[in-house]
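This report concerns only the one structure given below.
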Amino acid sequence: MLKILLLNGPNLNMLGLREPEIYGSETLAELETAVQQYAATKNIEIKAFQSNSEGKLVTAVQEARTWADGIVFNAGAYTHTSVALRDAISSIELPVVEVHISNVHARESFRHHSYLSAVCLGVIAGFGRNSYFLGVDALERHISGGK
Ligand code: DQA
């Protein structure tokens, strides 16, 4: 059974309340449950964690190397600011898929640059909640050799 860390960064605990025209009306708990249920049908176990704290996210990435096969990571605004999270991703051997609910490239220019993308397996952005499901699919196909 594959094990995946579903990791969410700052303000994603506000899903459902926060700018619903951009991020949708579903709460993070609802979304996490839906992704867990979807993954279970593929025999994948998802552990979900969210933090507003950069340091806690760094620790979650570091600890994932001891138990997870990969990470689906929406780092929120830290995507655009955090060398520490980039270094954490670089320091583990695991494949990490960067995901965004919104199409960051269609938004403000400060969202166009990601410190994380270059050290991630790939990036999925702009598909709404489906970005997370696609992230799980991308990891599964990568790990299984794409068969
Ligand atoms: C986000 C995009 C980021 O620019 C923003 O800071 C977020 C959410 C997204 O999922 O679309 O917090 O990562």
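Just so you know, all these numbers are worked out from the coordinates, no wet-lab data involved. Remember, predicted model here, so these are calculated numbers, not experimental data. We place every Cβ from the backbone using ideal geometry, glycine too, and count neighbours over all the protein chains shown.
Could you grab the relative contact order for the range 1-75? Cα pairs under 8 Å, six or more apart, rounded to a whole percent. If you can, show how the numbers build up before the last one.
Numbers: 105 pairs, mean separation 39.8, N = 75.
Dividing the mean separation by the residue count of the range 1-75 yields 53 percent.
Per the helix-only calculation at 222 nm, which mean residue ellipticity applies to the chain, given -39500 (n - 2.57) for every DSSP H run of n ≥ 4 and division by its residues, nearest 500 deg cm²/dmol?
On the way: 5 runs with 51 residues, N = 147.
Theoretical 222 nm ellipticity from helices: -10500 deg cm²/dmol.
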With only Lys, Arg, Asp and Glu charged, each at its Cβ (+1 for the first two, -1 for the last two), find how big the charge dipole of the range 90-143 is about the Cα centre; round to the nearest 20 debye. 200
Under 13 Å from a label point 7 Å along Cα→Cβ of Lys42: give me every residue in the range 121-143 with its amide N that close. 130-143
As a test of the definition: which semi-axes, in Å, follow for the chain when you take the square root of five times each eigenvalue of its alpha carbon gyration tensor? Largest first, please. 21, 18, 14
Apply the Karplus parameterisation 6.51 cos²θ - 1.76 cosθ + 1.60, with θ equal to phi minus 60°, to every residue of the range 57-64 and state each ³J(HN,Hα) to the nearest whole Hz, in sequence, with x for glycine and proline. 5, 4, 4, 4, 5, 4, 5, 4
Please check which bits of the range 95-128 a label hung off Arg18 would reach, taking the label as a point 7 Å along Cα-to-C-beta and the cut-off as backbone N under 12 Å. 101-102
What list of ³J(HN,Hα) couplings, whole Hz, do you get for the range 12-29 from phi and the Karplus terms 6.51, -1.76, 1.60, once you set θ to phi - 60° and write x for glycine and proline? 6, 5, 8, 4, x, 9, 7, 5, x, 5, 9, 10, x, 9, 7, 6, 5, 4
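To the nearest 20 debye, what charge dipole does the chain have about its Cα centre, counting +1 at the Cβ of each Lys and Arg and -1 at the Cβ of each Asp and Glu?
Values: 12 positive and 15 negative charges, 38 e Å.
Dipole magnitude for the chain comes out near 180 debye.
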Taking amide H positions as placed 1.01 Å from N in the peptide plane, with prolines and chain starts having none, which residues 5 or more places from Leu15, or on another chain, fall under 5 Å of its amide H? Leu28
How do Glu45, Glu98, Glu108 rank when sorted from fewest to most other Cβ atoms within 10 Å of their own Cβ? Glu108, Glu45, Glu98
